[in-house]
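Participant: Once you've had a glance at the structure underneath, I'll fire off some questions.
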Amino acid sequence: MQVPAPVEYERATSVDHAIGLLERLGGSARLVAGGHSLLPMMKLRLASPEYLIDINDLHGELGYIRVEPDEVRIGAMTRHRELLESGELAEVFPIFRDAERVIADPVVRNRGTLGGSLCQADPSEDLSAVCTTLGANCVIRGGSGERVVTMEEFYRGPYETAVEDAEMLVEIRIPVRPSGSSAYEKVERRAGDWAIVSAGAAVWLDGGLIADARVGLAAVGPNTAGLPAVSDALRGREPSEELYKQAGALAAENCSPVTDMRGSAEYKRHLAEELTRRALRRSVVRINERGWHAGIHDRQR
Amino acid sequence: MTTTDERPAGFENNDHKPVGHGRMLRKEDPRFIRGKGRYVDDVQLPGMLHCAILRSPVAHARIVSIDTSAAEAHPKVKAVVTGATLTGLGLAWMPTLSGDVQAVLATDKVRFQGQEVAFVVAEDRYAARDALELIDVEYDVLDPVVDVRKALDPSAPVIRDDLDGKRNNHIFDWETGDEAATEAVFASADVVVSEDIVYPRVHPAPMETCGCVADYDRIDSRLTLWSTSQAPHAHRTLYAIVAGLPEHKIRVISPDIGGGFGGKVPIYPGYVCAIVGSIVTGKPVKWMEDRSENLTSTGFARDYIMRGEIAATRDGRILAVRTNVLADHGAFNGVAAPVKYPAGFFGVFTGSYDLQAAYCKMTAVYTNKAPGGVAYACSFRITEAVYLVERIVDCLAYELKMDPVELRIKNFIQPEQFPYRTKTGWLYDSGDYEPTMRKALEIAGYDDLRKEQAERRARGELMGIGVAFFTEAVGAGPRKDMDILGLGMADGCELRVHPTGKAVVRLSVQSQGQGHETTFAQIVAEEIGIPPADIDVVHGDTDQTPFGLGTYGSRSTPVSGAAAALVARKVRDKARIIASGMLEVSVADLEWVKGAFHVKGDPEKSVTIQDIAMRAHGAGDLPEGIEGGLEAQICYNPENLTYPHGAYICVVDIDPGTAQVKVRRFVAVDDCGTRINPMIIEGQVHRGLTDGVGMALMEMIAFDEDGNCLGGSLMDYLIPTALEVPDWETGFTVTPSPHHPIGAKGVGESATVGSPPAIVNAVVDALKPFGIRHADMPLTPSRVWDAMRGVPRPPV
Ligand SMILES: Cc1cc2nc3c(=O)[nH]c(=O)nc-3n(C[C@H](O)[C@H](O)[C@H](O)COP(=O)(O)OP(=O)(O)OC[C@H]3O[C@@H](n4cnc5c(N)ncnc54)[C@H](O)[C@@H]3O)c2cc1C
């Protein structure tokens, strides 16, 4: 049995209570959500916080998925499993279900949360890639109120985010745009393993042309990052295999993988290309499959 | 001799209760399924303390100083022990299973990352672990030897400067076969194919890590040790020799064991630390290693770098096989193998083929890595041997453009050639290979698969079909040839029938999940007709069982299983004499029908084994010269090893865009001779096949250039899950062993041995369009992608 160092523990009863505790205890305290990243690090003694503030009782307050016409809002305590099972979410953003199917295993998904995933800021983290792909905004709350940052602002480096010591992530907000769909592709060495490389894509069509598109990659750089060059190359073009290929090549060019036990940098670069193509292709297929229904829906809007 | 019967049709109810061999549920499972197993970590004793071990953070360094004062000042710490303390007790070094010595706690240098440096005994596990951080060790870091190929360079740092006069990292050279005869065959052969083949370092990774509870009674000078041991009797003797404790004052108990796979054969420093901890504190001490400690410090397996060569005629008659092996043994030579077999049973690299010559030369070296080389489900290096021959035969098929099945069948040892003496001296007891191969082909639908493959290839899809055929040598002894540190590899067994006809059988081997409590009850039931439910199996406690060498190398059924059958026959012989008295006829006039004797020609006149048991313990007269009671004891010394065989076929699909391998189908036809409980056999086969998927596709203990272990957690050292494996398709043939009393051959390791080559052969076959003849394990997507681009890389 791997055992952590001594730690004080308190359960927060509300977001304000949690923030109050963070303010009082300062940098020696850490929030624990699902615990699936933090506890393994504590057991390996890679992390030894003096205080743990358990926010699982805030699931009532922060565990939700609200799908509104222009925006989807997801609470930070929403569990992987809830993201996986939400039909409403899969309807607007099928990328979530694609990703959740291949994140960890059911035991981890039962507890692990959206907030914990994003705040862990692991460069291989899948939900971060999903949120990057969808251009999500992060709502951070502290003693003096809330602020909203983009994913680009949120990530400051590997394992480092814009969330300050006495703050917490409470929600992410994702804009909903018409005639769009999304997809997620991941290659792993084994089910439940972290990605060798993952790629998310989101595409919005207008009259058969790409109105906008975004691609987000995981495990090929210091953070999951959007690829503006890919978006620029896709906008205004008609979807085609040739175009996906170009986009894939751009994705491969614009990432910075390193060789490790999961694979060589060369192979990862190849995957960035291959998976970008696949995710774009699947996104467009999904829009077209929904075509008739979505068309009506869009006209009504 | 061979039969090829099917699994009984319409076998819905698995829980038949055969009085003897046959399919039945495992007697031990109710307690496991209900969480009532009792493992070492479940042992709680009053006043028990906890031990934690400080390990080296670096691969090679001289210890300059160790300061334990802060740890000793921790309020919950009871003792801190270093190599210096142990030197005072004469316990700093201990013998390994292969004639080397290993540091219990480092005294001079640390020689691998994770090596034991000091230990703490404290009131609880947490305090013990916390106190490790208070020990201050100053290291003078030395260059490590990580690349085994450079271990013998004259400039390589000498790892074992503790050994008198040691000036290099050489451990041993070993050879088998006839070098000159093999060279002659190679020189005149039409075709010679050679290939560099690596079997990477892997780890048994049992679900339960290693650990023990040591309880030393100072008044009585008695040591009780609950430990994760696959060989409690051998361990007891070794503790007596190492620690100088009298053997009759030591009791080793292996309770339920959560998997061993060879990893629980050696004695690890941790066990000795706990014993010392108990001696110095006078309290029971528990030591349970954590997952990282298990993966980085206990016995690894494999790590052979092999060059395989095969010589053949142009029409596919295999003439000879030759191999050169560089074996990485880590920092101490801790191979678990019979003393006269430093390379285990690697000599069976001649496979299942009738050859004219064979030769192997091996060099073993030290490196700055964890010691071991355990019989990880490989019956002593047979895994490496079978992988080598089955890979090189496929390379030959590739060069000859011959179907790999046809090539194998053409070269099989023929049934009439058994017993067959191989060119490396092994005497294969029995075998009938072609029916086993044909059965696998039939289950797989081999010809259709090849057609499908051709169609898919035409569409640019990557489908591969891999075939492997293995012969294993399992069940060590015989004792005259095989011993571990002087202890002959034989096994005892004791059977007592109680007055009411229930029985207890006591084994010298120990189950780590193989289902001994069921199988051995069935073996005895078959011989004396008492139902398995009425037979208790006692094992794993040196105070309760006769001496024997334990469970590994698939030896339980071949050795201890034979002992159980023979002891039951001995009891039956006595029962026959008592029956003759009861029925008032001569023994020659009695006929045995399972469970009862009756008078020949008069089935009405009969006594059951239960009647006889009561008589044996009763007040009535017994035939002249017969003592009361109905029990017997024997020690079985096998006359030869047994040689199970099998034909495995694997079908894989590879995603051409991502290079991910999916095992679509796997057909395993095993011949382990007489089948005692087919359900348990299938369970063993399923486990081994899953293991094979792990080794072939994902498992490897890797090191960086500084000698840091990169496989220290199950996030880094991957083992397969249900999602990586297909529905196993199993079949069997039965070729009994001629010398085993019930013809059984052992099956515990067959699937682990046979599946890696089948899977690798399938992947390489799928990559044929890329001109690939060989690619090394583990075939992770990245490594398969390398192969697809024509640059397959060795893993080390
Ligand atoms: C076996 C295994 C396999 C996994 N495989 C994958 C995988 O394939 N892909 C993948 O993406 N992930 C994987 N994970 C990670 C998993 O998704 C985790 O659940 C996730 O990374 C963290 O979520 P959590 O709720 O458990 O966070 P915790 O471990 O509780 O917290 C993580 C960090 O975030 C901080 N934190 C948590 N919530 C907040 C908040 N609301 N505001 C501010 N800070 C917060 C904590 O203080 C901590 O520093 C795996 C984990 C395991 C154990």
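The values are calculated or read from the model by the stated rules, or taken from the named source; none is laboratory data. Since we're looking at a predicted model, the values are computed, not measured. Note: ideal-geometry Cβ built from the backbone for every residue, glycine included; neighbour counts use all protein chains shown.
Participant: Could you say which residue among B:231, B:181, B:187 is buried (at least 23 other Cβ atoms within 10 Å of the Cβ) and among the small types (Gly, Ala, Ser)? Let's see the steps before the verdict.
Facilitator: Details: B:181 fails: buried (at least 23 other Cβ atoms within 10 Å of the Cβ); B:187 fails: buried (at least 23 other Cβ atoms within 10 Å of the Cβ).
Exactly one residue qualifies, and that residue is B:231.
Participant: So, in region B:692-734, how many residues would count as being outside any loop (DSSP other than H, G, I, E, B), of a type outside the set (Gly, Ala, Ser) and within 14 Å of chain A (Cβ to nearest Cβ)?
Facilitator: Here is the first cut: in region B:692-734, the residues outside any loop (DSSP other than H, G, I, E, B) are B:692-697, B:703, B:709, B:722-724, B:728-732, B:734.
Still in the list and also of a type outside the set (Gly, Ala, Ser): B:693, B:695, B:697, B:703, B:709, B:723-724, B:728-730, B:732, B:734.
Next, only the ones that are within 14 Å of chain A (Cβ to nearest Cβ) stay: B:693, B:695, B:697, B:703, B:709, B:723-724.
Within region B:692-734, residues that are outside any loop (DSSP other than H, G, I, E, B), of a type outside the set (Gly, Ala, Ser) and within 14 Å of chain A (Cβ to nearest Cβ) number 7.
Participant: Can you tell me which residue in region A:234-244 is nearest to the other protein chains (Cβ to nearest Cβ), limited to those that are more than 15 Å from residue A:215 (Cβ to Cβ) and either in contact (Cβ under 8 Å) with a residue 60 or more places away in the chain or assigned to a helix (DSSP H, G or I) (or both)?
Facilitator: First pass over region A:234-244, keeping only residues more than 15 Å from residue A:215 (Cβ to Cβ): A:236, A:238, A:240-242.
Add one more test, that the residue is either in contact (Cβ under 8 Å) with a residue 60 or more places away in the chain or assigned to a helix (DSSP H, G or I) (or both), and what stays is A:241-242.
Values: A:241: 13, A:242: 16 Å.
Within region A:234-244, the match that is nearest to the other protein chains (Cβ to nearest Cβ) is A:241.
Participant: For region A:108-123, which residues satisfy the criterion of being surrounded by fewer than 21 Cβ atoms within 10 Å (Cβ to Cβ) and more than 8 Å from the ligand (Cβ to nearest atom)?
Facilitator: A:110
Participant: Please enumerate the residues belonging to region A:183-195 that are within 10 Å of the ligand (Cβ to nearest atom) and either part of a strand (DSSP E or B) or touching a His at 6+ places or on another chain (Cβ under 6 Å) (or both).
Facilitator: Of everything in region A:183-195, those that are within 10 Å of the ligand (Cβ to nearest atom) and either part of a strand (DSSP E or B) or touching a His at 6+ places or on another chain (Cβ under 6 Å) (or both) turn out to be A:186, A:188, A:195.
Participant: Scan A:205, A:227, A:271, A:250 and give me the residue that is away from the ligand (no atom under 16 Å from the Cβ) and either within 18 Å of residue A:126 (Cβ to Cβ) or surrounded by fewer than 19 Cβ atoms within 10 Å (Cβ to Cβ) (or both).
Facilitator: On the way: A:205 fails: either within 18 Å of residue A:126 (Cβ to Cβ) or surrounded by fewer than 19 Cβ atoms within 10 Å (Cβ to Cβ) (or both); A:271 fails: away from the ligand (no atom under 16 Å from the Cβ); A:250 fails: either within 18 Å of residue A:126 (Cβ to Cβ) or surrounded by fewer than 19 Cβ atoms within 10 Å (Cβ to Cβ) (or both).
None of the others qualify; the one that does is A:227.
Participant: Which residue, of B:125, B:160, is surrounded by 15 or more Cβ atoms within 10 Å (Cβ to Cβ) and within 14 Å of chain A (Cβ to nearest Cβ)? Don't jump to the end; show me each part of the working.
Facilitator: Working: B:160 fails: within 14 Å of chain A (Cβ to nearest Cβ).
Just one listed residue meets the conditions, B:125.
Participant: Sticking with this one: Just to be sure before I move on: is residue A:180 under 14 Å from residue A:94 (Cα atoms) and either more than 13 Å from the ligand (Cβ to nearest atom) or within 14 Å of chain B (Cβ to nearest Cβ) (or both) in the structure I sent? If you could, list the steps in order and put the result at the bottom.
Facilitator: On the way: under 14 Å from residue A:94 (Cα atoms): yes; either more than 13 Å from the ligand (Cβ to nearest atom) or within 14 Å of chain B (Cβ to nearest Cβ) (or both): yes.
It is true that residue A:180 is under 14 Å from residue A:94 (Cα atoms) and either more than 13 Å from the ligand (Cβ to nearest atom) or within 14 Å of chain B (Cβ to nearest Cβ) (or both).
Participant: Does residue B:132 qualify as being touching a Leu at 6+ places or on another chain (Cβ under 6 Å) and not aromatic (Phe, Trp, Tyr)?
Facilitator: Details: touching a Leu at 6+ places or on another chain (Cβ under 6 Å): yes; not aromatic (Phe, Trp, Tyr): yes.
Here the answer is yes, as residue B:132 does meet what is asked.
Participant: Write out, first by first residue and then by second, each pair whose Cβ atoms fall under 8 Å of each other, whose residues are 6+ apart or on separate chains, and whose first residue, in region A:26-39, is not assigned by TED's automatic domain parsing to the domain that holds residue A:108 while the second is more than 6 Å from the ligand (Cβ to nearest atom) and among the β-branched types (Val, Ile, Thr).
Facilitator: A:29/A:53; A:30/A:53; A:31/A:53; A:31/A:55; A:32/A:53; A:32/A:55; A:33/A:55
Participant: Could you go through region B:539-556 and let me know if any residue there is part of a strand (DSSP E or B), surrounded by fewer than 24 Cβ atoms within 10 Å (Cβ to Cβ) and touching a residue at least 12 places away in the same chain (Cβ under 8 Å).
Facilitator: Checked against the condition, which is being part of a strand (DSSP E or B), surrounded by fewer than 24 Cβ atoms within 10 Å (Cβ to Cβ) and touching a residue at least 12 places away in the same chain (Cβ under 8 Å), region B:539-556 yields at least one hit.
Participant: Suppose we keep only residues that are over 30 Å from residue A:92 (Cα atoms) and in contact with a Leu (Cβ under 6 Å, 6 or more places away or on another chain) within region A:31-77. Which one would you say is nearest to the ligand (Cβ to nearest atom)? If you could, list the steps in order and put the result at the bottom.
Facilitator: Keep residues of region A:31-77 that are over 30 Å from residue A:92 (Cα atoms), which gives A:31, A:38-54.
From what's left, in contact with a Leu (Cβ under 6 Å, 6 or more places away or on another chain): A:51, A:53.
Details: A:51: 11, A:53: 8 Å.
The selected residue is A:53.
Participant: Also, I was wondering about something else. Here's a check for you: in region B:492-526, which residue that is in contact (Cβ under 8 Å) with a residue 60 or more places away in the chain and charged (D, E, K, R) is farthest from residue B:591 (Cα to Cα)?
Facilitator: B:517
Participant: Taking only region B:206-225 into account, find how many residues are among the small types (Gly, Ala, Ser) and either buried (at least 24 other Cβ atoms within 10 Å of the Cβ) or touching a Pro at 6+ places or on another chain (Cβ under 6 Å) (or both).
Facilitator: So the first thing to find is which residues in region B:206-225 are among the small types (Gly, Ala, Ser), and the list is B:211, B:214, B:221.
Remaining after also requiring either buried (at least 24 other Cβ atoms within 10 Å of the Cβ) or touching a Pro at 6+ places or on another chain (Cβ under 6 Å) (or both): B:211, B:214.
Of the residues in region B:206-225, 2 are among the small types (Gly, Ala, Ser) and either buried (at least 24 other Cβ atoms within 10 Å of the Cβ) or touching a Pro at 6+ places or on another chain (Cβ under 6 Å) (or both).
Participant: Would you mind finding the one in B:205, B:243 that is within 14 Å of another protein chain (Cβ to nearest Cβ), touching a residue at least 24 places away in the same chain (Cβ under 8 Å) and not polar (S, T, N, Q)? So that I can check it myself, show each step before the final result.
Facilitator: Numbers: B:243 fails: within 14 Å of another protein chain (Cβ to nearest Cβ).
One residue alone meets the criteria, B:205.
Participant: From the list A:201, A:247, which residue is outside any strand (DSSP E or B), away from every other protein chain (no Cβ under 14 Å) and among the aliphatic types (A, V, I, L, M)? Give the steps one after another, and end with the answer.
Facilitator: Values: A:201 fails: outside any strand (DSSP E or B).
Matching residue, one of A:201, A:247: A:247.
Participant: Here's something else I'd like to know. Here is a list: B:747, B:753. Which entry is more than 14 Å from every other protein chain (Cβ to nearest Cβ) and not in a helix (DSSP H, G or I)?
Facilitator: Values: B:753 fails: not in a helix (DSSP H, G or I).
None of the others qualify; the one that does is B:747.
Participant: From the list B:283, B:264, which one is surrounded by fewer than 24 Cβ atoms within 10 Å (Cβ to Cβ), assigned to a loop (DSSP other than H, G, I, E, B) and touching a residue at least 40 places away in the same chain (Cβ under 8 Å)? Talk me through it step by step, then tell me what you get.
Facilitator: Working: B:264 fails: surrounded by fewer than 24 Cβ atoms within 10 Å (Cβ to Cβ).
Answer to the check: B:283.
Results for (1) within 14 Å of chain A (Cβ to nearest Cβ); (2) in contact (Cβ under 8 Å) with a residue 24 or more places away in the chain; (3) not in a helix (DSSP H, G or I), shown as yes or no for each residue.
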site: B:564; (1), (2), (3): no, yes, no
site: B:572; (1), (2), (3): no, yes, no
site: B:581; (1), (2), (3): no, yes, no
site: B:591; (1), (2), (3): no, no, yes
site: B:597; (1), (2), (3): no, no, yes
site: B:634; (1), (2), (3): no, yes, yes
site: B:651; (1), (2), (3): no, yes, yes
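Participant: I've got another one for you. Please verify whether residue B:518 is among the β-branched types (Val, Ile, Thr) and outside any loop (DSSP other than H, G, I, E, B), treating the condition exactly as stated. Working first, answer last.
Facilitator: Details: among the β-branched types (Val, Ile, Thr): yes; outside any loop (DSSP other than H, G, I, E, B): yes.
Spelling it out, residue B:518 is indeed among the β-branched types (Val, Ile, Thr) and outside any loop (DSSP other than H, G, I, E, B).
Participant: Which numbered condition in (1) of a type outside the set (Ser, Thr, Tyr); (2) without any contact (Cβ under 8 Å) to a residue 40 or more places away in the chain; (3) more than 14 Å from chain A (Cβ to nearest Cβ) is the only one that residue B:763 fails?
Facilitator: It fails just one condition, (2).
Participant: Out of region B:750-767, which residues are in contact with a His (Cβ under 9 Å, 6 or more places away or on another chain) and among the hydrophobic types (A, V, I, L, M, F, W, C)?
Facilitator: B:751, B:760, B:764
Participant: Part of a helix (DSSP H, G or I), within 28 Å of the chain's Cα centre (by Cα) and within 14 Å of another protein chain (Cβ to nearest Cβ): does that describe residue B:688? Before you say what the answer is, go through the steps one by one.
Facilitator: Values: part of a helix (DSSP H, G or I): yes; within 28 Å of the chain's Cα centre (by Cα): yes; within 14 Å of another protein chain (Cβ to nearest Cβ): no.
Against the criterion (part of a helix (DSSP H, G or I), within 28 Å of the chain's Cα centre (by Cα) and within 14 Å of another protein chain (Cβ to nearest Cβ)), residue B:688 does not qualify.
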